[in-house]
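**Q** Handing you a structure now.
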Amino acid sequence: MIRKLKPINVQQLLSEKGMRLFSPSDFQRIFGVSLPATQGFIKNHSRDLFLKVRNGLYALRSDPPQEEIIANRLYAPSYISFEYVLSRYGIIPESAYAVTSATTRLTREFIVNGKSFAYSHIKKEAYRGYKAEKAGGGAILIAEPEKAFADYLYFVDLKKKALNERIDTRRLKKKTALGYIKLFSKKTLIKLAERIL
């Protein structure tokens, strides 16, 4: 253990342990120091060594995690979905400006290091259809393409998102997509999906 915390040693050990994102309690556990020592060290090195992702969540400036990893840890429980996933799979041609995620918590948006992370609330019954995927030495939770389509269409039906006229559903498994659509229990949504698919 490191008794007197030195920035170079802290950086090296966090990198060795693959701690791309960490909380003060993670820091305490790794370095065996008190909470006041942890808070003081993080505060004193917030400009040179650490990137504040949000209150209680930090990353190394020299080795920031991928945006998908940040998205999962920033506001949990959540999984990446909507336009971000549709763009990733070529279902919509445009690149997504924000990393978009579904959550059972309140709808929120965060800006981290100039990047937007948007979280949209869905009901618990529809919170499924995602998988764990390896990324950046860890794992991310990301929607299957059909579930991202269902999540997106749900908000189109609610008039909270505009329908992308260039959406290409040919790569989607229609039966799987409709199964996810039905989780929302909305007749207007089912009709909309059937028309688009």
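**Q** Which shape class, rounded, prolate or oblate, goes with the range 63-165 when its Cα gyration tensor gives a ≥ b ≥ c as root eigenvalues, a/c under 1.5 marks rounded, and past that a/b bigger than b/c marks prolate?
**A** Rounded shape, in that the Cα axes give a/c under 1.5.
**Q** Also, I was wondering about something else. So how do GLU194, GLU16 line up by other beta-carbon neighbours within 10 Å, fewest first?
**A** GLU16, GLU194
**Q** Let me ask another. Can you tell me how the range 7-60 classifies by the Cα gyration tensor, rounded, prolate or oblate, using a/c under 1.5 as the rounded cut?
**A** In terms of gyration-tensor shape, rounded.
**Q** OK, next. Rounded, prolate or oblate: which fits the range 77-130 when a ≥ b ≥ c are the square roots of the eigenvalues of the alpha-carbon gyration tensor, with rounded for a/c under 1.5 and prolate only if a/b beats b/c?
**A** Verdict is oblate for the range 77-130.
**Q** For a quick check, take a GNM of the chain with Cα springs below 10 Å and name the residue from ALA98, ALA132, ALA177 with the largest mean-square fluctuation.
**A** ALA132
**Q** Net charge within 15 Å of PHE117 by Cβ-Cβ distance, Lys/Arg positive one each and Asp/Glu negative one each, not counting PHE117 itself?
**A** Around PHE117, the charge tally is +2.
**Q** For a footprinting-style exposure proxy, rank LEU197, LEU158, LEU189 by other Cβ within 10 Å, fewest first.
**A** Taking fewest neighbouring Cβ atoms as first place, the list is LEU158, LEU197, LEU189.
**Q** Compute a Gaussian network model of the chain, connecting alpha carbons closer than 10 Å, and tell me which residue from TYR89, TYR154, TYR79 fluctuates the most.
**A** TYR89
**Q** Springs between alpha-carbon atoms under 10 Å, Gaussian network over the chain: tell me which of GLU67, GLU125, GLU165 tops the mean-square fluctuations.
**A** Maximum fluctuation in the GNM of the chain, among the listed residues, is at GLU165.
**Q** Under the √(5λ) rule applied to the eigenvalues of the Cα gyration tensor, what semi-axes describe the equivalent ellipsoid of the chain? Give them in Å, descending.
**A** Gyration-tensor ellipsoid for the chain: 39, 15, 14 Å.
**Q** Placing unit charges on C-beta atoms (Lys and Arg positive, Asp and Glu negative, everything else neutral), compute the dipole magnitude of the chain about its Cα centre in debye, rounded to 20.
**A** Here the chain has a charge dipole of around 440 debye.
**Q** Lys and Arg at +1, Asp and Glu at -1: add these up for the other residues within a Cβ distance under 15 Å of ASN164 and post the number.
**A** +2
**Q** Between their Cα atoms, which of LYS4/LYS115; LYS134/LYS173; LYS123/LYS191; LYS52/LYS182 are more than 31 Å away from each other?
**A** Those over the limit are LYS4/LYS115; LYS52/LYS182.
Every number here is computed from the coordinates shown, using simple stated rules; none is lab data. On a predicted model such as this, the values are computed, not experimentally measured, just so you know. Backbone-built Cβ (ideal geometry, glycine too); neighbour counts: all protein chains shown.
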